[in-house]
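Novice: I am attaching a structure below and will ask some questions about it afterwards.
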Amino acid sequence: MRTVTTFLLAVVLWVVPALPGHAQTTAKVQDPEDVANVITAILEDPERLPLPLERIRPALVQHYIRDKGPVYWVGTGRMTPFLQRLADAEDDGLNPGDYPIDALMEMRDTIEEFDPETAAVAELYFSAFFVAYAADLKIGRLTPQKVDKRLFRNRKTIDVLRVLTDLKKESDPSAFLSRFESQNPHYQALKRMLAVYRAVSETMNWPSIPTGGNIEPNDSDPRIPAIREILTMTGDHPGGGGGEVYDPETSLAVRSFQMRHGLEAKGLIGKQTIMALNVPPADRARQIMLNMERWRWMPEDMGPHHFMVNLAGFELTEIEDDGVVDRMDVVVGAVATQTPEFSEELEYVEINPTWTVPYSIATKEMLPKLRRNPMAYSSDFEVFRDGKLTTWGGINWGAYGPGSFPFTFRQKPGPKNALGKVKFMLPNPHNIYLHDTPSKDKFLATARAFSHGCIRLSRPMDLTYRLVGEIAGWSREKIDAAFASGKTTRVGLPDRIPVHMIYATAFEGDGGSIEFRPDVYGRDRKLEAALLGKPSS
């Protein structure tokens, strides 16, 4: 038996140049039992197999040897549909270049008649790359924290043996692969969006709008016809009209475009709007693909009742039974103090909360002021030394600094409290929670990345009445009395509610609109670099 030759052929898979496509030749006659015997010999050989086979070798052994799984690919007509699915990988938000399509095609077309060795090698490789593609669809191509240390998503797994075992139940490998796609409605919406933008990128010429001064409604500007053309292609403008006057219909379309792209929607065409208009559909398609990868990392079941905080969209959404209950503007972490991505459960609400100052804020922001004025915070804060309440007087703040700081500061409830009147706790190792804020002016901004990492809510009282009132069963009068008391009151929720911190720069908006957001944290850039194997700096 030509074992060495067989493996040389297998290794060639990674070095063969791109080959022209071939129609599948008539299936070569093979005896399945002979093919199965060669597969057994290959898998039982003590030598290390080429990587595509070695990494799933235990599952291949269990399937083909222990369980005597049937030969699925050779002589069955299934190779070509699978190769077509690989060639169309962009439809799935994946990269065809990640898969050796031409080499697999060559392997299919060079199976020798009555030669079980070439057939066995092809069988194993097709199974290996079928599993690889199924895994890419189901759990994503990357480990989240290797992309960014702020992505606290557990790497999901796929049951390789189950994939191989279930293959025999489906005659169409492409249909079987579709079962591995996320059925999450957010993912499915992105896939529909991807098809639209890929079609636009392949069929339409995208104008480029020159930079220049701002354009206000009723202004005349030579850029208006091209702007109107783009707005028509994006679906924001109904089409028609002409001339260089920035007319009311175009102004309405601009505001629609600005809202969908997270820009200040006043109809003024400035630098940011021009930049967004100039993004070609191919780039938007790539942005959608990046967001599809993120959703592959997410749990398939996000909970029948859950909250999502879109860090890139500065918005909290409450979802129950697949319907949106409420949306709320939020402030998220600044670029220097980014809010991480993770999922935890909301456990309780704290009315009139205290605020224990994080160590970094205490040493970097408060300590310098205390050195100038030792009583700077005495009216609103308590100070603890080594966990015990102490007094503000007599402390030589100049003797302490980061790394040598035994103090903890706790702000009392009140109008100046950094957490406002209420906070919503989802215990987590990142010390991130949702809360009210006395800094209401921050909600006037379109891009709201200002906090130290926690999520500030624009309508915290509405959420309080929803959670403490409707869900925990408190009357409005009892809630109002708790606030009026000025005392800290903790209210436990009858059931924990999942909260998902996500980073969605492309998503489906209300009414099925396609929405995009700027990459405020640069996470799209990092993810794209990781997928392409390039540095992100």
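The values are calculated or read from the model by the stated rules, or taken from the named source; none is laboratory data. These figures come from a predicted structure and were not determined experimentally. Reconstructed Cβ throughout: ideal geometry from the backbone, glycine too, with neighbour counts over all protein chains shown. Note: areas computed on protein heavy atoms with side chains; ligands, DNA, RNA excluded. Shrake-Rupley method; radii C 1.70, N 1.55, O 1.52, S 1.80 Å.
Novice: Which of the residues spanning segment 387-437 are aromatic (Phe, Trp, Tyr) and open to solvent by 30 Å² or more (accessible area, probe 1.4 Å)?
Specialist: Result: Tyr400, single match.
Novice: Right, next: Open to solvent by 30 Å² or more (accessible area, probe 1.4 Å), in a strand (DSSP E or B) and closer than 27 Å to Asn154 by Cβ, is that true of Glu344?
Specialist: Values: open to solvent by 30 Å² or more (accessible area, probe 1.4 Å): yes; in a strand (DSSP E or B): yes; closer than 27 Å to Asn154 by Cβ: yes.
Criteria met by Glu344.
Novice: Determine which member of the set Pro217, Pro210, Pro173 is touching a Ser or Thr at 6+ places or on another chain (Cβ under 8 Å), at pLDDT 95 or above and either over 26 Å from Leu290 (Cβ atoms) or open to solvent by 60 Å² or more (accessible area, probe 1.4 Å) (or both). Full working, then the answer.
Specialist: Numbers: Pro210 fails: touching a Ser or Thr at 6+ places or on another chain (Cβ under 8 Å); Pro173 fails: touching a Ser or Thr at 6+ places or on another chain (Cβ under 8 Å).
One residue alone meets the criteria, Pro217.
Yes/no per residue for (1) outside any strand (DSSP E or B); (2) not small (Gly, Ala, Ser):
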| site | (1), (2) |
| --- | --- |
| Leu290 | yes, yes |
| Arg294 | yes, yes |
| His306 | no, yes |
| Gly313 | yes, no |
| Val332 | no, yes |
| Ala336 | yes, no |
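Novice: Of a type in the set (Gly, Ala, Ser) and open to solvent by less than 30 Å² (accessible area, probe 1.4 Å): which single residue out of Gly492, Gly509, Gly533 fits that description?
Specialist: Values: Gly492 fails: open to solvent by less than 30 Å² (accessible area, probe 1.4 Å); Gly533 fails: open to solvent by less than 30 Å² (accessible area, probe 1.4 Å).
When all the criteria are applied, what remains is Gly509.
Novice: Hey, can you tell me all the residues within segment 196-228 that are among the hydrophobic types (A, V, I, L, M, F, W, C), under 30 Å from Asp92 (Cβ atoms) and touching a residue at least 40 places away in the same chain (Cβ under 8 Å)? Spell out how you get there, then give the answer.
Specialist: Let us first name the residues in segment 196-228 that are among the hydrophobic types (A, V, I, L, M, F, W, C), namely 196, 199-200, 204, 206, 209, 215, 224, 226-227.
Narrowing the set further to residues that are under 30 Å from Asp92 (Cβ atoms) leaves 196, 199-200, 204, 206.
Answer for segment 196-228, where residues must be among the hydrophobic types (A, V, I, L, M, F, W, C), under 30 Å from Asp92 (Cβ atoms) and touching a residue at least 40 places away in the same chain (Cβ under 8 Å): Val196, Val200, Met204, Trp206.
Novice: Next up: Out of curiosity, is Phe129 assigned to a loop (DSSP other than H, G, I, E, B), touching a helix residue (DSSP H, G or I) at 6+ places or on another chain (Cβ under 9 Å) and either open to solvent by less than 40 Å² (accessible area, probe 1.4 Å) or touching a residue at least 24 places away in the same chain (Cβ under 8 Å) (or both)? Give the steps one after another, and end with the answer.
Specialist: Numbers: assigned to a loop (DSSP other than H, G, I, E, B): no; touching a helix residue (DSSP H, G or I) at 6+ places or on another chain (Cβ under 9 Å): yes; either open to solvent by less than 40 Å² (accessible area, probe 1.4 Å) or touching a residue at least 24 places away in the same chain (Cβ under 8 Å) (or both): yes.
No: the conditions fail for Phe129.
Novice: Just checking: which of the strands (runs of 3 or more DSSP E) contained wholly in segment 356-455 hold 1 or more residues that are in contact with a helix residue (DSSP H, G or I) (Cβ under 8 Å, 6 or more places away or on another chain), of a type outside the set (Ser, Thr, Tyr) and touching a residue at least 60 places away in the same chain (Cβ under 8 Å)?
Specialist: Values: elements: 381-385, 388-390, 407-411, 422-425, 449-451.
In segment 356-455, the matching strands (runs of 3 or more DSSP E) lie at 422-425, 449-451.
Novice: Could I ask something else about it? Taking segment 466-518 only, how many residues are over 20 Å from Arg296 (Cα atoms) and in a loop (DSSP other than H, G, I, E, B)? Full working, then the answer.
Specialist: First, the residues of segment 466-518 that are over 20 Å from Arg296 (Cα atoms): 466-497, 510-513, 518.
Then drop every residue that is not in a loop (DSSP other than H, G, I, E, B), which leaves 472-475, 486-488, 513, 518.
The total comes to 9.
Novice: Just checking, does segment 178-188 include any residue being over 18 Å from Gly140 (Cα atoms), open to solvent by less than 60 Å² (accessible area, probe 1.4 Å) and in contact (Cβ under 8 Å) with a residue 40 or more places away in the chain?
Specialist: The answer is no, given that none of the residues of segment 178-188 is over 18 Å from Gly140 (Cα atoms), open to solvent by less than 60 Å² (accessible area, probe 1.4 Å) and in contact (Cβ under 8 Å) with a residue 40 or more places away in the chain.
Novice: Within segment 230-255, count every residue that is part of a helix (DSSP H, G or I), within 24 Å of Asn205 (Cβ to Cβ) and without any contact (Cβ under 8 Å) to a residue 24 or more places away in the chain. Reasoning before the result, please.
Specialist: Residues of segment 230-255 part of a helix (DSSP H, G or I): 230-233, 248-255.
Checking the rest, the ones that are also within 24 Å of Asn205 (Cβ to Cβ) come to 230-233, 249-250, 253-254.
Still in the running and without any contact (Cβ under 8 Å) to a residue 24 or more places away in the chain: 232, 249.
So the answer is 2.
Novice: Oh, and also: Glu229 - would you say it is in contact with a Phe, Trp or Tyr (Cβ under 8 Å, 6 or more places away or on another chain), under 18 Å from Ala276 (Cβ atoms) and open to solvent by 60 Å² or more (accessible area, probe 1.4 Å)? Before you say what the answer is, go through the steps one by one.
Specialist: Values: in contact with a Phe, Trp or Tyr (Cβ under 8 Å, 6 or more places away or on another chain): no; under 18 Å from Ala276 (Cβ atoms): yes; open to solvent by 60 Å² or more (accessible area, probe 1.4 Å): yes.
The answer is no for Glu229.
Novice: Only one of Thr118, Thr110, Thr143 is polar (S, T, N, Q), surrounded by fewer than 16 Cβ atoms within 10 Å (Cβ to Cβ) and closer than 29 Å to Ala41 by Cα; which? Even if it seems obvious, please write down each step before you answer.
Specialist: Details: Thr118 fails: surrounded by fewer than 16 Cβ atoms within 10 Å (Cβ to Cβ); Thr143 fails: closer than 29 Å to Ala41 by Cα.
Checking each option against the conditions leaves just Thr110.
Novice: Mind counting the residues in segment 363-398 that are of a type in the set (A, V, I, L, M, F, W, C) and within 19 Å of Pro413 (Cβ to Cβ)? Outline the logic, then answer.
Specialist: The first filter runs over segment 363-398 and keeps only residues of a type in the set (A, V, I, L, M, F, W, C), leaving 366-367, 370, 375-376, 381, 383-384, 389, 392, 395, 397.
Okay, now just the ones that are also within 19 Å of Pro413 (Cβ to Cβ), so 366, 381, 383-384, 389, 392.
Matching residues across segment 363-398 total 6.
Novice: Scan segment 30-58 and report the pairs whose first residue is of a type in the set (Lys, Arg) and whose second residue is outside any helix (DSSP H, G or I), with Cβ atoms within less than 8 Å and a gap of 6+ or a chain change.
Specialist: Arg57/Leu49
Novice: Filter segment 349-386 for residues that are within 27 Å of Val422 (Cβ to Cβ) and among the hydroxyl-bearing types (Ser, Thr, Tyr); which is most open to solvent (accessible area, probe 1.4 Å)?
Specialist: Residue satisfying both the conditions and the ranking: Tyr359.
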